[in-house]
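Take a look at the structure below.
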Amino acid sequence: MADRKPRVLATRLFPLDVEARLTASFDAILNPEDRQYDGPALIKASEGCDAIMCAAGDALTAETIAGLPASVRMIATFSVGYEHVDVAAAAKRNIAVSNTPDVLTDATADIALLCLLGAARRAHEGTTMLRTHNWVGWTPRQLMGVHVTGRRLGILGMGRIGQAIADRARAFRMTIHYSNRSRLPPELEKGATFHADPDAMLPHCDVLSINTPMTAATRKWVNAERIAKLPKNAIVVNTARGGVVDDEALIAALKSGRLAAAGLDVFDGEPRIHKDYYDLENAFLLPHMGSATVDTRNAMGFKALDNLEAFLLNGKTPPDLVKAS
Ligand code: DGY
């Protein structure tokens with residue numbers, strides 16, 4: 001083992017307990033003001049560093065990775081999604097990349113259900129009516145939403161998070177459909193209907209939940225043509241990545257009433273989201289908070305640290321090594 005602690009650049013202000021372990025294990029460069037680095041600033045700040053602990057929203061593009069100092073041997077992202085890290089560019093530089101799978105499954109599935117129910121039951125309109133002092137009292141026609149019990153939920157991407165959403169939706173007696181690269185074994189499928197072709201699933205989705213990673217193939221996958229295949233008055237829920245949705249198409253369908261509502265926790269280009277979302281009463285919007293519980297954010301940080309420690313302190317392969325696809 002080296003006689004100095006490896007130096008790790010933390011690109012964000014991470015949870016207290018995570019930073020406590022980070023500084024105990026490593027010579028850590030922290031970011032107490034939580035200023036987000038752009039590419040050139042990141043290259044400069046990582047001078048002399050062995051690794052970078054980054055997060056969703058840090059753009060580690062091919063260009064930035066090419067410019068990183070030779071000392072950088074690892075990038076550990078504090079996220080399960082890693083589309084913000086150009087893994088192929090990192091592989092070219094022999095830089096290992098790790099992520100934080102599993103630990104945010106339940107928290108993200110919970111938020112998906114919040115989005116589903118918030119959209120179906122017009123939660124945005126209800127809270128706005130109340131907080132703007134416009135509630136006249138209970139009336140028989142007030143805020144009538146979409147009944148969820150017994151409806152069909154189509155899950156695009158049946159990985160860990162998709163499966164956890166299905167488990168929760170079964171408690172609402174929803175019927176589960178899913179599309180995934182491969183069919184799940186019966187014990188994980190639990191009676192859900194598999195669609196090898198995701199387009200063929202769309203007519204069966206009273207609610208479509210997007211749980212697929214953001215890749216070149218899924219970019220703007222939910223477009224006007226596919227929205228037209230959903231049943232009228234369907235609901236779209238997105239807790240994966242905003243880029244999977246074509247905002248113009250979704251907004252048009254929400255404005256026209258073709259879709260009943262949407263529940264969105266993630267947005268293309270966040271935090272600068274498409275401005276029309278702000279005025280859509282039938283959009284229940286959250287600021288990318290799927291993993292935002294104390295337990296989950298700590299677990300994500302500890303997982304990132306498990307990976308950094310394995311690689312930098314123990315000379316082992318990071319347990320959550322990400323490979324270029
Ligand atoms: C992730 O981990 O990919 C999330 O989107 C951040 O919470």
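The values are calculated or read from the model by the stated rules, or taken from the named source; none is laboratory data. Since the model is a prediction, treat every value here as computed from it, not as a measurement. Every residue, glycine as well, gets a Cβ built from its backbone with ideal geometry; the counts of neighbours run over all protein chains shown. Note: areas computed on protein heavy atoms with side chains; ligands, DNA, RNA excluded. Shrake-Rupley method; radii C 1.70, N 1.55, O 1.52, S 1.80 Å.
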Filter segment 49-95 down to the residues that are in a loop (DSSP other than H, G, I, E, B), more than 15 Å from the chain's Cα centre (by Cα) and among the polar types (S, T, N, Q), then identify the one that is farthest from the ligand (Cβ to nearest atom). SER71
Over segment 1-38, the set of residues more than 26 Å from the chain's Cα centre (by Cα) and closer than 20 Å to ALA59 by Cα is ILE29
Among helices (runs of 4 or more DSSP H) completely within segment 98-196, the ones holding 2 or more residues that are over 28 Å from SER79 (Cβ atoms) and open to solvent by 50 Å² or more (accessible area, probe 1.4 Å) are 123-131, 186-189
Flagged pairs (Cβ under 9 angstrom, 6 or more apart or on separate chains; first in segment 237-256, in the same structural domain as GLY118 (by TED's automatic domain parsing); second in a strand (DSSP E or B) and within 12 Å of the ligand (Cβ to nearest atom)) are VAL244/ASN238; VAL245/ASN238; LEU250/ASN238
Can you pull out every residue in segment 192-225 that is within 17 Å of ILE165 (Cα to Cα) and of a type in the set (Phe, Trp, Tyr)? PHE194
Residues (basic (Lys, Arg) and exposed (fewer than 14 other Cβ atoms within 10 Å of the Cβ)) located in segment 1-29: ARG4
Sort out which residues of segment 36-94 are among the aromatic types (Phe, Trp, Tyr) and open to solvent by 40 Å² or more (accessible area, probe 1.4 Å), and write them in order of number. TYR37, TYR82
